[in-house]
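The values are calculated or read from the model by the stated rules, or taken from the named source; none is laboratory data. Since the model is a prediction, treat every value here as computed from it, not as a measurement. Ideal geometry is used to build each Cβ from the backbone, glycine not excepted, and the neighbour counts take in all protein chains shown. Just so you know, the surface numbers come from the protein's heavy atoms only, side chains and all, with ligands and any DNA or RNA stripped out. Shrake-Rupley method; radii C 1.70, N 1.55, O 1.52, S 1.80 Å.
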Amino acid sequence: MSEITLYHYYRSTCSWRVRWALHYKGIEFTPVAVNLLKGEQKQDSYAQLNPMSYVPSLSIDGETYSESMAILEWLEEIHPEPKLLPQDPPSRMRVRQLYQIIASGTQPMQNLAAQKYFSGDKSKQWEYARHWISKGFNAYEALLQQTKGSFSFGESLTLADICLIPQCYNALRFGLEIDQFPLIFDVYKRCLNLEHYQKSLPEKYQ
Ligand SMILES: N[C@@H](CCC(=O)N[C@@H](CS)C(=O)NCC(=O)O)C(=O)O
């Protein structure tokens, strides 16, 4: 069994994706906190692990990797059960389309560094975050009309949900009501009671 260390911040949605997938797949890991509010992600010792100075990073037997979606795809390859991607290529592509709306099209626009670069005023930062999350959620909600079952894609949890639900947490934190996206809200409510989701919650790692 590999030694796995997750460098993360409790409230980081990208870190949360990886925490949730690790719990879902029953993989043991050692969490190491990187405090974003204290700027620990920018310290040299951490920047050597993650050249973007972001969390998460994952060390596997001493080799460190970053980019949460690369980590999640690796996890799916190495630990395919329980699955987080469907089996047939068109379905896998649809799940990847959904997760990229969050991982590439939404989260980077409302990241701490982007908010701070946009404005020093917290209320403006949050307005900016709400704008980009609304844009991403409108697109995700439209796709859910074709793909949703109990979860974002059909009846099983996938990487799409693993990205969506932490983003819902940020939406609420920045004052965006998510019940205006009824299909997203339905998936969100369903995930709240899942045991592996509960184990990955920010407050469990604070
Ligand atoms: N594409 C990266 C994004 C990572 C990222 O933006 N992490 C945020 C937390 S969710 C971060 O470390 N922010 C620190 C900062 O903005 O200085 C990934 O998916 O891992």
- [ ] State the answer as a single residue: which of Gly175, Ser200, Val187 lies farthest towards the positive end of the charge dipole of region 161-206, with beta carbon charges of +1 for Lys and Arg and -1 for Asp and Glu, about the Cα centre.
- [x] Ser200
Task: Lys/Arg +1, Asp/Glu -1 at C-beta; region 89-196 dipole; positive extreme among Pro166, Leu112, Ser150 - done: Leu112
Task: Hz values of 3J(HN,Hα) by residue in region 192-206 - Karplus curve (6.51, -1.76, 1.60), Gly and Pro given as x - done: 4, 8, 6, 4, 5, 5, 4, 5, 8, 4, x, 5, 6, 10, 6
TODO: Could you check what % of the DSSP bridge pairs in the chain are antiparallel, to the nearest 5?
DONE: 60 percent
Open item on the list: Once ligands and nucleic acids are excluded and a 1.4 Å probe is used, how much of Thr64 is accessible, expressed in Å² to the nearest 10?
Closed with: 40 Å²
Task: Set Lys124/Lys199; Lys116/Lys189; Lys116/Lys148; Lys38/Lys124; Lys38/Lys122 screened for pairs whose C-alpha atoms are more than 27 Å apart - done: Lys124/Lys199; Lys116/Lys189; Lys116/Lys148
Open item on the list: What distance in nm lies between label points placed 7 Å from Cα along the C-beta direction at Ile27 and Leu192?
Closed with: 2.9 nm
Open item on the list: Using only the heavy atoms of the protein chains and a 1.4 Å probe, how would Lys42, Lys199, Lys148 rank by accessible area, largest first?
Closed with: Lys42, Lys199, Lys148
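For the chain, with only Lys/Arg (+1) and Asp/Glu (-1) charged at the beta-carbon, what is the dipole magnitude about the Cα centre, in debye rounded to 20?
In debye, rounded to 20, the chain gives about 640.
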Task: Accessible area (Å², per residue) of the chain, counting only protein heavy atoms and a probe of 1.4 Å - done: 50 Å²
- [ ] Would you work out which of Pro31, Trp20, Tyr9 lies farthest towards the positive end of the dipole of region 4-81? Charges go on Cβ: Lys and Arg +1, Asp and Glu -1.
- [x] Tyr9
TODO: Express the carbon and sulfur contribution to the solvent-accessible surface of the chain as a percent, rounded to the nearest whole number, probe 1.4 angstrom.
DONE: 51 percent
Task: Length-normalised contact order of the chain in % [C-alpha pairs under 8 Å, at least 6 apart] - done: 24 percent
Task: Dipole magnitude (debye, nearest 20) for region 89-196, charges at Cβ of Lys, Arg, Asp, Glu - done: 300 debye
